[in-house]
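Structure first, commentary second.
Only the coordinates and a few stated rules stand behind these numbers; no lab work does. Please read all numbers here as calculations on a predicted model, not as lab measurements. Don't worry about glycine lacking a Cβ; one is built from the backbone with ideal geometry, like all the others, and counts go over all protein chains shown.
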Amino acid sequence: MKSFEDILRKNNLKITKGRLALLNLLYSSHVPMNTEEIYEAVDKKSLPSFTSLYRMLNELTEKNILKKNLYHNGLYYFEFANMGHRHYIVCDKCGKISAIENCPISEFENIAERETGYTVTNHIVELRGICPDCQKDK
């Protein structure tokens, strides 16, 4: 992946410690993170306020550097936009999120286009269940 500085420059965004810390955190994460999780994990010297975090997330999403991928428990979850097309399964008990790498929806999109005349531009699928750890706790 390009350096975060190059990504910010290319998108005419100022290179700041906060943006770099945010991008590094999300790049290191294997699953999308919500605003509260990001704020909890990021260095407060680099990103001192929720207001700054929200502003950065919105800017980076508008520039298609990040994407809002899930809407769970009233919260949006963010990840890098170029991480590929993935879906997730969310545990109903503990909230753990796991990625599902393969997407079987393309055939369904073709059917939907044929039946409706629409051109499918995107889809969002969220599966819910009980994770293996919570199943053990029964």
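When region 4-80 is described by a simple charge dipole with +1 on each Lys and Arg Cβ and -1 on each Asp and Glu Cβ, the residue from GLY74, MET33, THR16 located farthest towards its positive end is THR16. Amide H contacts of ALA81: LEU66, LYS67, each under 5 Å away and 5 or more positions distant or on a separate chain (H built 1.01 Å from N in the peptide plane; Pro and chain starts excluded). In region 87-136, a dipole from Cβ-located charges (positive for Lys and Arg, negative for Asp and Glu) runs towards its positive end, and of TYR88, CYS131, ILE105 it is CYS131 whose Cα lies farthest in that direction.
Taking every alpha-carbon pair under 8 Å whose residues sit at least 6 apart, region 4-80 reaches a relative contact order of 31 percent.
Mean separation of Cα pairs under 8 Å and 6 or more residues apart, divided by the residue count, gives the chain a relative contact order of 18 percent.
Scanning residues 5 or more positions from HIS87 or on other chains, those with amide H under 5 Å from its amide H are ILE100, with H placed 1.01 Å from N in the peptide plane. Across VAL120, VAL90, VAL42, mean-square fluctuation computed from a Gaussian network of the chain (C-alpha pairs under 10 Å connected) peaks at VAL120.
Estimated purely from DSSP H runs of n ≥ 4, each contributing -39500 (n - 2.57), the mean residue ellipticity at 222 nm for the chain is -11500 deg cm²/dmol once divided by its residues.
Could you list CYS91, CYS103 in order of exposure, starting from the residue whose Cβ has the fewest other Cβ atoms within 10 Å?
Sorted ascending by nearby Cβ count, the order is CYS103, CYS91.
Return the ratio Rg/(2.2 N^0.38 Å) for the chain, where Rg is computed over Cα atoms only.
1.21
Between the amide H of TYR76 and those of THR35, distances stay under 5 Å, these residues lying 5 or more places away or on another chain, with hydrogens modeled in the peptide plane.
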